[in-house]
1. Kindly express, to the nearest 10 degrees and within the range 0 to 90, the angle between helix 224-251's C-alpha long axis and the longest C-alpha principal axis of the chain.
2. Where does helix 95-104 land angle-wise versus the long Cα axis of the chain, in degrees 0 to 90, nearest 10?
3. Per residue, how much accessible surface does the range 1-146 expose to a 1.4 Å probe? Answer in Å², no decimals.
4. At 1.4 Å probe radius, can you tell me the per residue accessible area of the range 154-255 in Å²?
5. Assign unit charges at the C-beta atoms only (+1 for Lys and Arg, -1 for Asp and Glu), then state the dipole size of the range 1-137 relative to its Cα centre in Debye, rounded to the nearest 20.
6. Stokes-Einstein at 25 °C, 0.890 mPa s, Kirkwood radius from Cα pairs: D for the range 163-214 in µm² s⁻¹?
7. Across 5 Å bins from 0, what is the distribution of all Cα-Cα pair distances for the chain, in whole percents?
8. Show me the GluC sites (Glu not before Pro) within the range 110-191 that DSSP assigns to loop and that have at most 10 other Cβ atoms within 10 Å of their Cβ.
Amino acid sequence: MDIDVKFDFTTDSPNYWDDFWERNDGLGYGGSDPDTASPTLQKYHRLLWSKPLPNGQFMELTEGYGSNYLYWKNSSGFRFASDSIIVTFRYKKYRNIIDKYVLDCNISDYRRYYEQLIRKSYTIGGAVIFPKHSNSINQRRGTDRLIADRWDLTLECIRRFYEGLDSPLFEFLNNDKTFFDLFVDFRGYVEFFLMQDCVSDDFNSVNIWEGRGDFSKEGLPENADAYRHFLKEEFDFLEKRNKRIAEYCNNKSYY
């Protein structure tokens, strides 16, 4: 497959870097969203996830526009959206922790440092697809304070869903039960989307990047040390998943 795991989707998202550092009180904010604006990301999703499903069906994705970003003309008529799963928490309310992190790590050039992180985050290892509709999973995981847009906590919710256990996202995952049934079980979901580097070898637990992962407190790392640990674990996962995707493409095998 013609997939470059180092390709930065901000580069073909129109106006992404225009006035980037003048937005969000200097913390930076893109002028477009690669999840909808990058044609290369859309193509990569189609190539990667058009393949046999664990339930025996073959998912054949088609590229479209707007609400039909990606769709599959099967009996259920799935429509999909891209979702970025790597976050740096450049929020105004989080600025004190970011400033402390920058100081503790002796980062002399904030803009250069975070631009490098952002460009890495917008590689294919940092993206997944979910069904597209109102109150979708990718919307709810970003607005729930217990999840805080973290992928490790989102995947823990998905693991619990397959086990029939409650989580902050259970209701919204259950709304897409037809989608999750395509993968049969948690292992099937993880292997299909090449997420093995975020779970244990036996698929019985999720590697939580920071904290206990029991949803007893907000998902945002509590201090600069926790933030540093979270970023390290998150970007380590990103690097491993990109490598796994590259190997998958080179081997042209399904699992």
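1. 40
2. Taking the Cα atoms of the chain, the angle to 95-104 is about 70 degrees.
3. That works out to 49 Å² for each residue.
4. 49
5. About 380 debye.
6. Stokes-Einstein gives a translational diffusion coefficient of 201 µm²/s.
7. For the chain, the pair-distance distribution reads 1, 6, 13, 17, 20, 19, 13, 8, 3, 1, 0, 0.
8. Within the range 110-191, no GluC sites (Glu not before Pro) qualify (loop, at most 10 other Cβ atoms within 10 Å).
The values are calculated or read from the model by the stated rules, or taken from the named source; none is laboratory data. A quick note: this is a predicted structure, and the numbers were derived from the prediction, not measured. When we count neighbours, we look across all protein chains shown, and the Cβ atoms used for this are built from the backbone with ideal geometry, even at glycine. Remember, those area values only see protein heavy atoms, side chains included, never the ligands or the DNA or RNA. Shrake-Rupley method; radii C 1.70, N 1.55, O 1.52, S 1.80 Å.
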